[in-house]
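Q: Please find one structure pasted underneath; my questions will follow.
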2 protein chains.
Amino acid sequence: MNYTTYFQELREQHLDELKHFLTIPSISALSNHKKDMNEAAEWVAAKLEKAGLEQVKVHPTDGHPIVYAEHLHAPGKPTVLIYGHYDVQPVDPLHLWETPPFEPTVRDGKLYARGATDDKGQIYLHIKAVEAILNQEKALPVNVKFCIEGEEEISSPNLPAFMEANESMLAADVVLISDTSLLEKGKPAISTGLRGLCSLEVTVATANTDLHSGSFGGGVPNALHALISLLDSLHDDKGRVAIDGFYDGVPEISPDMREEFLKQNHNEEELKKSLGLEALYGEEGYSFVERTGARPTLELNGVYGGFQGEGTKTVIPKEAHAKITCRLVGDQDPSYVLDKIVAHLESHIQLGAKVLIKRGEKARAFNMDPSNAMLQKAADAYETVYGTRALFTKDGGSIPIVETFSRVLGAPVVMMGFGLPDENLHAPNEHFNLENFDKGLLTIVEFLKQL
Amino acid sequence: MNYTTYFQELREQHLDELKHFLTIPSISALSNHKKDMNEAAEWVAAKLEKAGLEQVKVHPTDGHPIVYAEHLHAPGKPTVLIYGHYDVQPVDPLHLWETPPFEPTVRDGKLYARGATDDKGQIYLHIKAVEAILNQEKALPVNVKFCIEGEEEISSPNLPAFMEANESMLAADVVLISDTSLLEKGKPAISTGLRGLCSLEVTVATANTDLHSGSFGGGVPNALHALISLLDSLHDDKGRVAIDGFYDGVPEISPDMREEFLKQNHNEEELKKSLGLEALYGEEGYSFVERTGARPTLELNGVYGGFQGEGTKTVIPKEAHAKITCRLVGDQDPSYVLDKIVAHLESHIQLGAKVLIKRGEKARAFNMDPSNAMLQKAADAYETVYGTRALFTKDGGSIPIVETFSRVLGAPVVMMGFGLPDENLHAPNEHFNLENFDKGLLTIVEFLKQL
């Protein structure tokens, strides 16, 4: 039976299985989901076992467990390490979901659920692709290892140590990851770059109590004013980050890179339309793909302070808060960037207000040369299934562990994504287009066979 | 029996009664407290009835009811209209209260509860003062009317119409209000000015969905950035409101006024210390009492958008919100000020973002000449009880209805307050110093007898 027929016959069964996976609310960021994290890990292990993998084990860590499995019966052939994550992002604002995030629903050929595309749907493809080859051919054309973690959405705090402690178990000739997107529907892409990340939480505090805006308004510092003035100082009016030293280590975009970006032929008008925006926004002098692929950014992810209830409350709040993340490129050092941000905040805080900072995650950017043979074979596989050769892109997101894989295992990393850019990952109504579910299975089989 | 002895003998009974009043969570701003509002109104009516007042009635309005009562048996003598409010502010942040807001508790001679000083404690003084005179002397030296509303904390939307519809019922020679503060412990003050108020809610909206800061960060507008930049444009770096036309109608402080402010001899060092502030803040060139008494202000009371949960969420929020109130002085017209703010917001919003505005409350500032005979008699009454003559001050707060009383009834308004500036009104741990509970009763009796 050819693979197309094989996957068609099992399609409903596969979708039902994936839906079950998607009902588990494995939100790694929220400590009250510990049980769900374990359930999701056990689910992955059971499916790997069923697929025919060996040495399947749920490895505990100081955080959420890591699932490992292998099938090493192709001597002389390359070893592929397949990486993915079973954890998902938080779901709020919940009221904006059309169907509940953990009640998977298919509408218009799209599977809606938190984790549908990021990354449960995509790791499921690899399990089923390997299972298919073993079912059909009773052997794999290459050696395969799986390493599926549960802390990707919180920057993989425990995987690097696990990797270093299990270097020989994880050793591979290529790392294969599906946690990125096609360029657009029908246009496959292989990411050869990921931005790095650093995060921090900022609290501004003023008086020792909330104050009445009548008796005190105009005469005392207001924590919200102080925070807002501080946050507004982080960018200039050209959309550039205004922090001294922030751009240290950011490479200028070379003519070659610019040409590669141009090839993506990104339709900014269409993007604006799909997002309901009158205008895009960002650093002057760069296109959207350059801004998100090759330029760093500092984003406010959350700001809050004072009264949020119904109506009016004439209060001067004593404290206000902001959550900030930066995406980094090139040689930007996340610790150095955090130092620079902290120095900026501390030197720009208004008289009468205090700033308290909690540093968060840190990850370096990652880059690969598109001429690498593994990347070219991945492009071949896409071409066979999608009928069009994959473009080599730079992805704006961060998968902090990619840089670590590349460094610790010394292997090229193939980011073979099957999502779409508008699938609302990290937002309400996340979904996975089932066209790429079908084609993804075939592309992975093709890649493993071509290696 | 002299009044001091009278009130001492009944002190525990009075405090118990007031505590019961304070257990009713009559928060006018929250629609789910409708029942509590009615209960508080009925409570006031019952106590007025018991005190010997006549024509006691709970008048329904389109919002919360107004309690009216009268005692008009002093022909040829002046008529005093006593105004107050039985509604209170919301209580959040609840976790900062040392004891629950609606479980009144006495600690260190202070009665802690929401509404203790603003304004349940203070209206209770008037009821008991009138009751005392009737008990002791079987007659009142003046004609007395009570008008106690339940919407002061939401800007009295229904009282003006009630006042106009019942002009003859409410007609008076002087309006007496206790909803302000002494200057400090032992230093009585009579407010001869109140700031006006206007409020609005601002929403900034960008894309039609929250976006992933990896895929989109740096390339699309972020609603939080747009809001923060907009809010930061509302002030210049000298603490002045930077909205064109905002200061129209604001009188310069005259040398006389400046001298009156200097008399208050406000200790800014002590204020900083009590608030835990390293520095005060405000418009350059003015003292604290001038800033809060004679200058307008624009305050952010609440700002929120994006992720507020535990940890990090790499989201670019699609919308962000702010709640703003202004305190107005002199001839500032609240509608005109709102127009100017809206024009500023609409012209300063960043490309790619939309601003939506909901206009709220409006009230003009109020001013009285300290040489008015009624104000001088009030100062006499304070002097008799406190042993020191009241200063004539300008209060930073707003009691929107005061300007309406003065205009509709054409009567002077005596603001004879018994609170203290640090009693946390509108904030957690609101309280009322019982020294002023005792002296307040005597001062009101004295004032009514001297009229």
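Q: Grab the beta carbon distance between residue A:105 and residue A:61, set R0 = 45 Å, and tell me the FRET efficiency rounded to 0.05.
A: On the way: r = 33 Å, r/R0 = 0.73.
That gives a FRET efficiency of 0.85.
Q: What is the distance in Å between the Cα centres of the stretch A:165-216 and the stretch A:1-61?
A: 24 Å
Q: In square nanometres, what is the average projected area of the Cα convex hull of the stretch A:57-157?
A: Numbers: hull surface 34.1 nm².
Orientation-averaged projected area of the Cα hull: 8.5 nm².
Q: Using Cα pairs under 8 angstrom and six or more residues apart, how large is the relative contact order of the stretch A:263-347, in percent?
A: On the way: 60 pairs, mean separation 19.9, N = 85.
Dividing the mean separation by the residue count of the stretch A:263-347 yields 23 percent.
Q: Next up: Looking only at the stretch B:228-255, which residues have a backbone nitrogen under 13 Å from a spot 7 Å from the Cα of residue B:331 in the C-beta direction?
A: Backbone N within reach: B:248-252.
Q: Quick query: amide H of residue B:316 versus all other amide H atoms, modeled in the peptide plane; which residues come in under 5 Å with a sequence gap of 5 or more or a different chain?
A: Those qualifying (amide H under 5 Å, at least 5 residues apart or on another chain) are B:211, B:212, B:213.
Q: Under a crude label model (7 Å from the Cα following the beta-carbon direction), how far is residue B:96 from residue B:77 in nanometres?
A: 4.5 nm
Q: Within a 10 angstrom radius of each residue's Cβ in B:318-324, how many Cβ atoms of other chains show up on average? Whole number is fine.
A: Numbers: counts 6, 1, 4, 3, 4, 10, 2.
For this peptide, the per-residue mean of nearby foreign Cβ atoms is 4.
Q: If you don't mind, another one. Quick one: Cα centre-to-centre distance for the stretch A:268-332 and the stretch B:435-451, in angstrom?
A: Taking the Cα centre of each part, the stretch A:268-332 and the stretch B:435-451 sit 57 Å apart.
Q: Then there is this: For labels at residue A:50 and residue A:31 in the simple 7 Å Cα→Cβ model, what's the distance in nm?
A: Those two pseudo-labels are separated by 3.4 nm.
Q: Considering every residue in A:67-78, what mean count of other chain Cβ atoms within 10 Å of its Cβ is obtained?
A: Details: counts 0, 0, 0, 0, 0, 0, 0, 0, 0, 0, 0, 0.
The mean count of partner-chain Cβ atoms within 10 Å per residue comes to 0.
Q: Still on this model: Under 12 Å from the Cβ of residue B:143, count the other residues' Cβ atoms, weight Lys and Arg +1, Asp and Glu -1, and hand me the total. Each step should come with its number before you reach the end.
A: Values: positive: B:77, B:145; negative: B:54, B:70, B:173.
So the surrounding residues net to -1.
Q: A follow-up question, please. Under a plain spin-label model, where a point goes 7 Å from the Cα along Cα-to-Cβ, how far apart in nm are residue A:342 and residue B:308?
A: Result for the modelled spin labels: 2.8 nm.
Q: Sorted from fewest to most neighbouring beta carbons within 10 Å, what does the list B:252, B:310 look like? Numbers along the way, then the final one.
A: Numbers: B:252 8, B:310 11.
In increasing order of surrounding Cβ atoms, one gets B:252, B:310.
Q: Sticking with this one: So what are the ³J(HN,Hα) numbers for the stretch B:108-125, from phi and the Karplus equation (6.51, -1.76, 1.60; θ = phi - 60°), rounded to whole Hz, Gly and Pro as x?
A: 6, x, 10, 9, 9, 4, 5, x, 4, 9, 10, 9, 4, x, 6, 6, 4, 4
Q: If you don't mind, there's one more thing I want to ask. Based on the Cβ-Cβ distance of residue A:137 and residue A:257, what FRET efficiency does E = 1/(1 + (r/R0)^6) give at R0 = 35 Å, to the nearest 0.05? Spell out each step's value before the answer.
A: Values: r = 41 Å, r/R0 = 1.17.
The computed FRET efficiency comes out at 0.30.
Q: With angles folded into 0 to 90 degrees, how steeply does helix B:400-409 sit against the dominant principal axis of chain B? Use alpha carbons for both and round to 10.
A: Taking Cα atoms only, the helix is inclined about 50 degrees.
Q: Label position 7 Å from Cα toward Cβ: report the copy-to-copy distances for residue A:359 in nm, one decimal, ordered from shortest.
A: Those label-point separations list as 5.0 nm.
Q: With n ≥ 4 as the cut-off for DSSP H runs, can you work out [θ] at 222 nm for the protein assembly as shown, using -39500 (n - 2.57) per run divided by the number of residues, rounded to the nearest 500? Could you put the intermediate results ahead of the total?
A: Details: 30 runs with 320 residues, N = 902.
Calculated from helices alone, the mean residue ellipticity at 222 nm is -10500 deg cm²/dmol.
Q: With axes computed from alpha carbons, what is the tilt in degrees of helix A:434-450 against the longest principal axis of chain A, rounded to the nearest 10 within 0 to 90?
A: On a 0 to 90 degree scale, this one is about 60.
Q: Report the FRET efficiency, 1/(1 + (r/R0)^6), for residue B:383 and residue B:268, where r is their Cβ-Cβ distance and R0 is 30 Å, rounded to 0.05.
A: Details: r = 27 Å, r/R0 = 0.90.
Result of the calculation: an efficiency of 0.65.
Q: Take every Cα pair under 8 Å in chain A that's 6+ residues apart, average their separations, divide by the length, and report that relative contact order as a whole percent.
A: Numbers: 931 pairs, mean separation 114.1, N = 451.
Result for chain A is 25 percent.
Q: Measure nothing but the geometry: give the 0 to 90° angle between the long axis through the Cα atoms of A:34-51 and the longest principal axis through the Cα atoms of chain A, rounded to 10°.
A: 20 degrees
Q: To one decimal in nm, how far is residue A:11 from the same spot in the other copies, if labels go 7 Å from Cα toward Cβ? Please give the shortest first.
A: Label-point distances to the other copies, shortest first: 8.6 nm.
Q: What is the fewest-to-most order of A:73, B:59 by other Cβ atoms lying within 10 Å of their Cβ?
A: Working: A:73 12, B:59 17.
Placing the least packed residue first, the sequence is A:73, B:59.
Q: Where the label is 7 Å out from Cα toward Cβ, how close does residue A:279 come to the same position in every other copy, in nm, shortest first?
A: 3.4
Here, each number is a calculation from the coordinates, and none is a lab measurement. Note that this is a predicted model, so its numbers are computed, not measured. So basically every Cβ, Gly included, is an ideal-geometry build from the backbone, and we count neighbours across all protein chains shown.
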